[in-house]
Amino acid sequence: MEHVIRVVVIDDHYVSRKGIVSLLETNPHITVVAEGNAGNHILELLGTHQPDVLLTDLQMPARAEDPKGTLFEPVSTLKRAIENYKSTSVIIISQEHDVQTIQSLAEIGVKGYLLKTDDFAQTLGHAVEMIHMGLQYFSPEVQEVIYAAPKIKPTRALTDQQMNVLRAIMRSPEATREMLAESLHISKSTLQKHITAIFEALDVPNMEACIIKAMRMRLVDVKSIIG
């Protein structure tokens, strides 16, 4: 039997949450195992259900029993979630479109980011499936936000081969490492060496942060190869 992707959805806006759940459940490869409406539900529901994917908003109460109290602090909570539940991938669905917030969340290991103004019918199920495969997903609207932000300067130049690898990754976001290595006519181990060197040059911890920082540095023509 094909594995069904188990998802937890957390959003304090009832209509928004139910819309997300309904849309996800039209996909036969996805099932929603739990819902929450506050920051404290993140670790609680991950501990109870051990889902494959967490979909969460950023702007919501810290605790369900105090809906008008302190707001949820996403970076620290999601960092704990990612460290403690390594089999769960995190996707953000939010109105928040500050590029530094997006970068900070990517750096702690958030795999995907969508805006609430995105066309969820086109993007949501696809994002969940991509991220469950171990890839990343930043919606077209998020990419526009990143690309529109002020350019930041690279601290170290990439070699020609590293640039080829980076372009290949960003041109084919759905490609596995094996597929990327084959397209570049190099071994998987050589590809990994180049990726490690790229992370070091860009001072990033993971592929999610690498992609965002490369966009912000304008290292590639994002609009021509991603979307």
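Does any residue of segment 197-204 turn out to be in contact (Cβ under 8 Å) with a residue 60 or more places away in the chain, among the charged types (D, E, K, R) and part of a helix (DSSP H, G or I)? No; the residues of segment 197-204 include none that is in contact (Cβ under 8 Å) with a residue 60 or more places away in the chain, among the charged types (D, E, K, R) and part of a helix (DSSP H, G or I).
Residue under question is residue 172, and the condition is that it be at pLDDT below 90, of a type outside the set (Val, Ile, Thr), out of contact with any helix residue (DSSP H, G or I) (no Cβ under 6 Å at 6 or more places or on another chain) and surrounded by 14 or more Cβ atoms within 10 Å (Cβ to Cβ); does it hold?
Yes: the conditions hold for residue 172.
Out of curiosity, is residue 165 at pLDDT 95 or above, assigned to a loop (DSSP other than H, G, I, E, B) and of a type in the set (A, V, I, L, M)? Against the criterion (at pLDDT 95 or above, assigned to a loop (DSSP other than H, G, I, E, B) and of a type in the set (A, V, I, L, M)), residue 165 does not qualify. Given the condition touching a Leu at 6+ places or on another chain (Cβ under 8 Å) and not assigned by TED's automatic domain parsing to the domain that holds residue 32, answer yes or no: does some residue in segment 123-135 qualify? Among the residues of segment 123-135, not one is touching a Leu at 6+ places or on another chain (Cβ under 8 Å) and not assigned by TED's automatic domain parsing to the domain that holds residue 32, which makes the answer no. Residue check: residue 154 meets all listed conditions (1) within 30 Å of residue 50 (Cβ to Cβ); (2) outside any helix (DSSP H, G or I); (3) touching a residue at least 40 places away in the same chain (Cβ under 8 Å) but one, namely (1). Screening residue 110 with (1) surrounded by fewer than 23 Cβ atoms within 10 Å (Cβ to Cβ); (2) part of a loop (DSSP other than H, G, I, E, B) gives one miss only, at (1). All of 58, 115, 78 fail the test of being closer than 22 Å to residue 129 by Cα, among the hydrophobic types (A, V, I, L, M, F, W, C) and in contact with a Phe, Trp or Tyr (Cβ under 9 Å, 6 or more places away or on another chain), apart from 58. Checking each residue in segment 73-93 for being within 21 Å of residue 117 (Cβ to Cβ) and at pLDDT below 95 picks out only 74.
Return the residues of segment 41-75 that are part of a strand (DSSP E or B) and either under 16 Å from the mean Cα position of the chain (by Cα) or within 24 Å of residue 24 (Cβ to Cβ) (or both); say none if nothing qualifies. Correct list: 53, 54, 55, 56, 61.
Could you run through segment 76-96 and say how many residues are buried (at least 18 other Cβ atoms within 10 Å of the Cβ) and either part of a loop (DSSP other than H, G, I, E, B) or not assigned by TED's automatic domain parsing to the domain that holds residue 44 (or both)?
Within segment 76-96, residues that are buried (at least 18 other Cβ atoms within 10 Å of the Cβ) and either part of a loop (DSSP other than H, G, I, E, B) or not assigned by TED's automatic domain parsing to the domain that holds residue 44 (or both) number 2.
Can you name every residue in segment 119-150 that is more than 13 Å from the chain's Cα centre (by Cα) and either of a type in the set (D, E, K, R) or assigned to a helix (DSSP H, G or I) (or both)?
Within segment 119-150, 119, 120, 121, 122, 125, 141, 144, 145, 146, 147, 148 meet the criteria.
The sole residue among 128, 142 that is under 21 Å from residue 92 (Cα atoms), of a type in the set (A, V, I, L, M) and modelled with pLDDT of 95 or more is 128.
The values are calculated or read from the model by the stated rules, or taken from the named source; none is laboratory data. Note that the coordinates shown come from a computational prediction; the quantities given were computed from them, not determined experimentally. We place every Cβ from the backbone using ideal geometry, glycine too, and count neighbours over all the protein chains shown.
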